[in-house]
Amino acid sequence: MAISADAASEKDLYMEADACYTRLLNSPEKQKMRHNWQICIQKFQKVHQMNPSGPWAAAGLYMTGFLYEEMYGISQAPADRKEAIDTYQRIVNRFLKSSYHKKARIAIERLNSKSVPKSGHLDTKPEPLPQTVLQPTKETPVDPVSDPVMNGDSGSNGLSNITDLRVWSNPNYTRIVIDADKETVFQHHLLKQDPALDKPQRLYIDIEQAKLGKHIQNFITVNDNLIQDARAGQYTLDSVRVVADIKSFKAYKIFSLKNPFKIIMDVWGSDPDQREKPAPSFKADKKTSKIKPGDLARQLSLRVGRVILDPGHGGKDKGASGIIPGVYEKDITLAIARRLQKKIQATLDCEVILTRNSDVYLSLEERTAIANTKNGDLFISIHTNAAHNATAYGIETYFLNLATDEDAILVAARENATSTKNISDLQSILSDLMQNAKINESSRLAATVQNAVVSHLNGRFNSIKNKGVKKAPFYVLLGAQMPSILLETAFISNERECQRLISPEYQDHLADSILIGVEKYIRDTNPAAFVERQRGTSNKL
Ligand SMILES: [Zn+2]
């Protein structure tokens, strides 16, 4: 059909423009040249021009405005600022129903209320993909007396065994994971509230060709603001139903992961910005400047009070093996994370939470669940790279997105402990999964950390290779609600880098360099964050 062909090519154009912007983010040198910005701007403009009423139009136009704004941050040229405001204004005037309408209004306020800092990086960036409503467009009418029967033994062979039901929750976010020993087909439905039968709204998943494991905990009381309880039962002889009784929600997302097969249900509350957070308290900076009253809301919403560090692998999952016998990724990542935790706490006065602080196994979806339920403001997953070719070396930082190069797919397959085929399957549903993700903030965090790590290590060690910022669908980043990155610190499969990774000296400098990146990211996001502390003002809500 013509419409879908157009949408596909608009998407392609958008992805191409986005790749252009990612390359620019990767290169502080390129950022200094005006024409490099203009090339990317033209690409985003084309997305809008190709179909001004299509699903990608507002996204393309927003990014056009955003790149003008970023360029203005560097050029300080009033004409760039005007272009940015004019472009945002077109969104405000024409895309009344798009989620970019509000973003554009905020952007205009931002530009009107303050002078842009020299570093150029600012405030909330857009989700790169067209926004669609997260809830299903219609409620599926199904048999209302469809709660599961609680008996769990079909005894049949060949069925997928449902082995576990796990829940993580805070008042505004719930993740339910259904584990199975074999991949199978499932469908989900949202059932309306039924006051006559005293039934709340229910979200349920029917898993076909499945039987309920005998030892599964089949009823879990959640009782947060979103979900009353979750329960699993053998629905028919060869199907299992998992039901969540809903109190309220804004959006939910259901997806599956492979090896081992599991179904994940994420439910978000209506007010993610009103999350309970620690009060911001940054250590004083030497610079001083005045805070404009209009910046207050921005400071409050963009403060970084809690950083989640995720040491990759652990326990039975050793991660990649070093070229030096007995060296494993899981030990290195924990050592680096512990050093980084101390440094961030000492320097930035943020709370730092480790997803694991010992040699224990944690599933990838559990790590994200921890980051979300702990209300982290930044999420950094720490890894070491590996390749068959022992000469491969260097440092790279990832954020969640479609992978655009083969190497990135290989890295994602290894870190996800799955096949490249599964990564390709995941790519096809990724845009749907990314709607709540802070993709642009994540790409900026990735670029800032990557650049800081490379430039800090460069003067101190020889042969530091900058492999740049890359994107790939990492399981551990799926569903994370805060800017999130995965850092491949060095190649454990390379003799020189493996030696470095086990040395306290390199680990320490690496932690220093990540700290520098995190600090710069916070400062760029919210220039007043550090000043505020010095003036002794508190923004406690
Ligand atoms: Zn890893």
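Tell me, please, whether a residue that is aromatic (Phe, Trp, Tyr), at pLDDT 85 or above and more than 27 Å from VAL453 (Cβ to Cβ) can be found in the stretch 37-50.
Within the stretch 37-50, one or more residues are aromatic (Phe, Trp, Tyr), at pLDDT 85 or above and more than 27 Å from VAL453 (Cβ to Cβ).
Is it true that ILE85 is outside the structural domain of GLY517 (by TED's automatic domain parsing), in contact (Cβ under 8 Å) with a residue 24 or more places away in the chain and over 21 Å from VAL469 (Cα atoms)?
yes
Can you tell me how many residues in the stretch 407-440 are more than 16 Å from the ligand (Cβ to nearest atom), crowded, with 18+ Cβ neighbours inside 10 Å, under 23 Å from ALA320 (Cα atoms) and among the polar types (S, T, N, Q)?
1
Can ASP194 be described as in contact with a Phe, Trp or Tyr (Cβ under 8 Å, 6 or more places away or on another chain) and surrounded by fewer than 21 Cβ atoms within 10 Å (Cβ to Cβ)?
no
Where residues in the stretch 229-248 are outside any strand (DSSP E or B) and in contact (Cβ under 8 Å) with a residue 24 or more places away in the chain, which of them is surrounded by the fewest Cβ atoms within 10 Å (Cβ to Cβ)?
Among those residues, the one meeting the criterion is LEU237.
Output yes when any residue across the stretch 460-473 is surrounded by fewer than 23 Cβ atoms within 10 Å (Cβ to Cβ), part of a helix (DSSP H, G or I) and out of contact with any helix residue (DSSP H, G or I) (no Cβ under 8 Å at 6 or more places or on another chain), and no when none is.
The answer is no, given that none of the residues of the stretch 460-473 is surrounded by fewer than 23 Cβ atoms within 10 Å (Cβ to Cβ), part of a helix (DSSP H, G or I) and out of contact with any helix residue (DSSP H, G or I) (no Cβ under 8 Å at 6 or more places or on another chain).
Looking only at the stretch 380-390, count how many residues are more than 15 Å from the ligand (Cβ to nearest atom) and in contact with a helix residue (DSSP H, G or I) (Cβ under 9 Å, 6 or more places away or on another chain).
1
Out of all the residues in the stretch 416-447, which are over 12 Å from LEU400 (Cβ atoms) and in a helix (DSSP H, G or I)?
Hits for the stretch 416-447 are THR420, LYS421, ASN422, ILE423, SER424, ASP425, SER428, ILE429, ASP432, ARG444, ALA447.
Of the residues that make up the stretch 347-363, is at least one within 14 Å of the ligand (Cβ to nearest atom), part of a helix (DSSP H, G or I) and open to solvent by 10 Å² or more (accessible area, probe 1.4 Å)?
Within the stretch 347-363, not a single residue is within 14 Å of the ligand (Cβ to nearest atom), part of a helix (DSSP H, G or I) and open to solvent by 10 Å² or more (accessible area, probe 1.4 Å).
List the number of the failed condition for PHE399; all other conditions in (1) more than 16 Å from the ligand (Cβ to nearest atom); (2) open to solvent by less than 10 Å² (accessible area, probe 1.4 Å) hold.
If we test PHE399 against (1) more than 16 Å from the ligand (Cβ to nearest atom); (2) open to solvent by less than 10 Å² (accessible area, probe 1.4 Å), just (1) comes out false.
When you scan the stretch 321-334, how many residues do you find that are surrounded by fewer than 24 Cβ atoms within 10 Å (Cβ to Cβ), within 14 Å of the ligand (Cβ to nearest atom) and not aromatic (Phe, Trp, Tyr)?
Of the residues in the stretch 321-334, the ones surrounded by fewer than 24 Cβ atoms within 10 Å (Cβ to Cβ) are 321, 323-328, 330-331, 334.
Okay, now just the ones that are also within 14 Å of the ligand (Cβ to nearest atom), so 321, 327-328, 330-331, 334.
Still in the list and also not aromatic (Phe, Trp, Tyr): 321, 327, 330-331, 334.
Of the residues in the stretch 321-334, 5 are surrounded by fewer than 24 Cβ atoms within 10 Å (Cβ to Cβ), within 14 Å of the ligand (Cβ to nearest atom) and not aromatic (Phe, Trp, Tyr).
So which of LYS343, LYS374 is among the basic types (Lys, Arg), closer than 23 Å to TYR173 by Cβ and either more than 13 Å from the ligand (Cβ to nearest atom) or in the same structural domain as SER169 (by TED's automatic domain parsing) (or both)?
Step by step, each of LYS343, LYS374 is checked, and only LYS374 is among the basic types (Lys, Arg), closer than 23 Å to TYR173 by Cβ and either more than 13 Å from the ligand (Cβ to nearest atom) or in the same structural domain as SER169 (by TED's automatic domain parsing) (or both).
Quick check on my filter: what residues within the stretch 24-76 are of a type in the set (Ser, Thr, Tyr) and open to solvent by 10 Å² or more (accessible area, probe 1.4 Å)?
Result: SER27, SER53, TYR68, TYR72, SER75.
Within the set of pairs 6+ apart or on separate chains, which have a first residue in the stretch 191-207 that is acidic (Asp, Glu), a second that is part of a strand (DSSP E or B), and C-beta atoms under 6 Å apart?
Matching pairs, first to second residue: ASP206/GLN187; ASP206/SER239; ASP206/ARG241.
The values are calculated or read from the model by the stated rules, or taken from the named source; none is laboratory data. This structure is a prediction, so every number in the text was calculated from the model and none was measured. Every residue, glycine as well, gets a Cβ built from its backbone with ideal geometry; the counts of neighbours run over all protein chains shown. With ligands, DNA and RNA removed, areas are computed over all heavy atoms of the protein, side chains included. Shrake-Rupley method; radii C 1.70, N 1.55, O 1.52, S 1.80 Å.
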